[in-house]
Structures are given as C-alpha cells and as structure tokens.
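I have placed the structure first, in the form of structure tokens, so that the comments after it can refer back to it.
The values are calculated or read from the model by the stated rules, or taken from the named source; none is laboratory data. Since this is a predicted model, take the numbers as computed values, not measurements. FYI the Cβ positions are ideal-geometry reconstructions off the backbone, even for glycines, and counts take in every protein chain you see.
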Ligand SMILES: [Fe+2]
C-alpha cells in the first residue's frame, strides 16, 4: 500500500519533516520494487539503505529530545517506540532473508506503513510541538 505524504504528517520541524518524506519515499519505492518483481538483491539494497536512514533519523530525534530537555517520561516513551520499530525491522529483514515475500507479510504491512503514520501523527508531533516552542522563530538546524 502506497503511503501518501499529507500536511497531517507535517511536524513543522523542517529537517524532521524532510527525513520523514525521504523515509516514506523509500518505503514506496520498496513496495514498487516488490510489485515490479525486482530481484532480491535490488530489494535488499533498498531495505539496507532504509535501515541505515531510519537509524540516523531516530538518532537525530533523540538528540533533539536530549538537547532541548524533552520531559523524561515522554522521551522514554518515544525512544521505546523507536526501539520497537528497530527490532521489528530486524525481524522483517530476517523474514526476507529466509525467503518470505516482503510486503505481503503482516509485519511488513505494519512497519512499512501504519507504524509510521501513527508515530508521526502522534509521538513525533508531540515532540515537535515542544521543540518549536523552545526554538521559536527559527529552524533548529
Ligand atoms: Fe520519532
């Protein structure tokens, strides 16, 4: 299922939004590659790239939360969600390496779709609202 970027996914923190767009774009490319029947090597390359990109994206958000003293409980809950996705992503790669058809499994549907929309709309937006309050008037990069 193709993910569509809408204003509802906008957090208002520019570099976070840019990275979210890139992630959604790569997830869509992954879905297309599977649909087009691309080879496993090609798909694995996108999967690996996406994994690295997601990791550095999570690091950026977690750095912001630390640098701007995001409340501890909220930070812990947010980081837990990141860890959860990272673990699930690892599982997905394992399934793929065992020969499962990617994107048809429930796990793929969740972590390459619903998880992002839910996380961005709720958890990331909450954090972004806080960050924007802290850094009124300018970008944080
Ligand atoms: Fe996040």
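Does segment 96-112 include one or more residues that are in contact with a helix residue (DSSP H, G or I) (Cβ under 9 Å, 6 or more places away or on another chain) and more than 30 Å from residue 37 (Cβ to Cβ)? No: zero hits. Of the residues 64, 70, the single one that is within 18 Å of residue 12 (Cα to Cα), within 16 Å of the ligand (Cβ to nearest atom) and assigned to a helix (DSSP H, G or I) is 64.
Yes/no per residue for (1) at pLDDT below 95; (2) within 14 Å of the ligand (Cβ to nearest atom); (3) more than 25 Å from residue 6 (Cβ to Cβ):
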position: 44; (1), (2), (3): yes, no, yes
position: 55; (1), (2), (3): no, yes, yes
position: 100; (1), (2), (3): yes, no, yes
position: 103; (1), (2), (3): yes, no, no
